[in-house]
Amino acid sequence: MGKTLTCKILESHLLDGVIAPGNEITIKIDQTLTQDSTGTMVYLQLEAMDVDKIKTELSVAYIDHNTLQTGFENADDHEFIKSVARRHGVLFSKPGNGICHQLHLENYGIPGKTLLGSDSHTPTGGGLGMIAIGAGGLDVAVAMAKGTYSLTVPKVLKVELKGRLKPWVSAKDVILYVLKQLTVKGGVGRIIEYTGEGVNTLSVTDRATITNMGAELGATTSVFPSDENTRIYLASQGREKDFLPLSADSDAVYDEVLDVDLSSLTPLAAMPHSPDNVDTVQNIGPIKVDQVAIRSCTNSSYTDLMKVAEILRGKKVRPDVSLVISPGSSRILSKLAQNGALASMINSGARIIENACGPCIGMGQSPKSGAVSLRTFNRNFKGRSGTLDANVYLVSPETAAVSAIRGILTDGTSSGFSLPEIQSENFNVNDNFIIYPEDANKKNTAIEMGPNIKPFPRNTRLSDTLTGTVVLQAGNNITTDDIMPSDSRLLPYRSNIPYLADYCFEKIDPNFAARCKEAKEGVIVGGENYGQGSSREHAALAPLYLGIKFVLAKSFARIHRANLINSGILPIAFEDPADYDEFKLGQKLVIDNVREQLANPVIVIKNADTGKEYRAITNFSELETEMILAGGKINQIKQ
Ligand code: MIC
Ligand code: SF4
């Protein structure tokens, strides 16, 4: 029986366990990446582990999320990360270099390698044939310290691509189509592997757009084969030596299959407020647009921006539209500046902003009240733009550019505009934005700790009885942006959990933090896919700081579930989802003999107010149980 590409890469990195869906395995991690907004926690945790030497082949610390430096907090965080990077032999990418995922693709991604990143869009590397997984900061710190990562083996879902995309239809439309089919929880417990004749019609950056947004499916990761297009891309970045052809065996057997005929797709958009709320641009109709933003780790490659420049060339952005553009990396920006594409954007009336995450995480360019904003990003969760009542639509760069000129949502196919084919180009490669670690005196490197950097909260050994008051009853698909918002007010405080905790669940229930403080020990009741979205472990650390003991939900998103366990907070799933309706705010829940009960896959929770008992599923692996008993991952490691 032939092997999937996923299986081949996992097998070549297997350190412990047997590769079969549902089993826990440990794999070798070759590379890690961090970014600034999760990075300070990663490096505080790495420091707490007292590591002599990191074990990865390559680790990179990127600064891309908060580069505004509205106060000393950010700049201090950057200095802290720089100093720890120097101490531990981690490469440091200075602000201004670009967005971590785009940069990693250009500079360091290698087919067949494993990458663990403290950002949910790390699977972008799957466009190069890597197994690239997003994880909480602590998992990345441990991967640096030990060179390993443990995971439950996902099923492999094959997406078979046939045919070729029509003009004006692009990779973004492919992943929006897949999101429509599978939904934001359809990828949970799965790795999505792309195969079929349609694969070689897509460039590496097209593939990276698709694997990037596999995060929105909740998938562990997504992966493409490494082929001639991969070689061409690596060569364009001066790295042909890193090329390695890789693919699944022709008789590989997959757990599930989805067929996608590329030639049948039309331009799509994800409507407010979820990436899977997808329809065709034609069906949505010519709604008036106030803002258009072209950038983010999903759609800021050279070819994406060249298409945009060609569409804008000689035209004028509608007076009542604000068009904001930024390329994904300094290398792309420099190329666009050299070939005149940047001038065509500026001359059309576009605002050019720094290559960084910026508006994608609500750092600036918040739309006006009630605005319609078209964005080439990957997430349109309510309020993420910084404007609670804005309506954000996710679209391709082509749709975004043509709509900016028209002032209404426009399907390029019927716009009458021409769209030339963009050829891939070689880049002038330099590493002037990278600081290489010194290799002497690492241990003595001073760590720069600004006053905003506070110690992270630590849990204690799990007690015999867990008690908590229901402090929130949340709905389905709660995002980590809901749990720990991260707009321009709060992003500067990513190193300060006590400060952030006061804003936990702010958008859903402004009294949440106060209620937790009063209750002292709390429980969150949640719906399906609780904790989807970002990898930020702040969405577990702030609740930990506020005394949350367990989360009882219908189901959990992968990274957030792991972050809760790492913090010693129990993620428990209703055995009967209908029980959800029986819980009320303020009720007291008790789990007796919880340490003993953890030996069973199902535990009993008592509602002390009604006396009724409920069965709930733990499904913790052996390692997860150890972490929970110890009161979190750091305690378990220190044991
Ligand atoms: C995001 O897109 O939500 C982020 C901001 O990149 C997060 C990381 C973070 O919260 O710092 C992610 O995707 O993991
Ligand atoms: Fe940055 Fe947005 Fe990508 Fe997150 S999704 S890494 S905020 S560009």
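The figures follow:
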| item | result |
| --- | --- |
| Surface per residue (accessible, 1.4 Å probe) for segment 496-577, Å² | 28 |
| GluC sites (Glu not before Pro), loop per DSSP, at most 12 other Cβ atoms within 10 Å - longest free stretch of the chain | 1-420 |
| Cα shape, segment 1-98, gyration tensor, a/c 1.5 rule | prolate |
| Under 5 Å, built H, 5+ apart or other chain: amide partners of residue 129 | 224 |
| Per residue accessible area in Å² of segment 1-89, where ligands, DNA and RNA are left out and the probe is 1.4 Å | 35 |
| Cα-based Kirkwood hydrodynamic radius, the chain, one decimal, Å | 24.6 |
| Rounded to the nearest 20 debye, dipole of the chain from Cβ charges on Lys, Arg, Asp, Glu | 1060 |
| Cleavage-rule hits, trypsin sites (Lys or Arg not before Pro), segment 551-639, DSSP coil, Cβ neighbours within 10 Å at most 16 | 584, 612 |
| Mean Cα-pair separation over length for the chain, i.e. relative contact order, pairs under 8 Å, 6 or more apart, % | 14 |
| Candidate aspartates and glutamates for bridging to residue 82, where Cα separation is under 15 Å - those fewer than 8 sequence places away on the same chain excluded | 36, 47, 64, 73, 438, 439, 448 |
| Helical contribution to [θ] at 222 nm, DSSP H n ≥ 4, -39,500 (n - 2.57), averaged over the chain, rounded to 500 | -8000 deg cm²/dmol |
| Residue-normalised accessible area of segment 261-381, expressed per residue, 1.4 Å probe, Å² | 31 |
| Heavy-atom accessible surface of the chain: percent carbon and sulfur, 1.4 Å | 48 |
| Rel. contact order, % - alpha carbon contacts under 8 angstrom, at least six apart, segment 1-91 | 25 |
| C-alpha center-to-center spacing [segment 41-57, segment 392-453] in angstrom | 28 |
| Taking segment 487-639 and dividing mean pair separation by its residue count, relative contact order in percent (alpha carbons under 8 Å, at least six apart) | 18 |
| Summed side-chain charge close to residue 42 - residues other than residue 42 whose Cβ falls under 13 Å, Lys, Arg +1, Asp, Glu -1 | -3 |
| Shape category assigned to segment 436-493 from the gyration tensor of Cα positions, a/c cut at 1.5 | oblate |
| Residues of segment 468-504 with amide N under 16 Å of a point placed 7 Å along Cα→Cβ from residue 517 | 497-504 |
| Segment 503-523 and segment 578-601: distance between their alpha carbon centers, rounded to Å | 19 |
| Residue pairs, from the table 28/549; 549/612; 113/454; 8/158; 146/443; 113/241, whose Cα atoms sit over 26 Å apart | 28/549; 113/454 |
| Contour excess over end-to-end distance, with Cα ends at residue 15 and residue 425 and 0.36 nm allotted per residue | 143.7 nm |
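The values are calculated or read from the model by the stated rules, or taken from the named source; none is laboratory data. Here the structure is a predicted model, which means the values were calculated and not measured. So basically every Cβ, Gly included, is an ideal-geometry build from the backbone, and we count neighbours across all protein chains shown. The accessibility values were calculated without ligands, DNA or RNA, using every heavy atom of the protein model including side chains. Shrake-Rupley method; radii C 1.70, N 1.55, O 1.52, S 1.80 Å.
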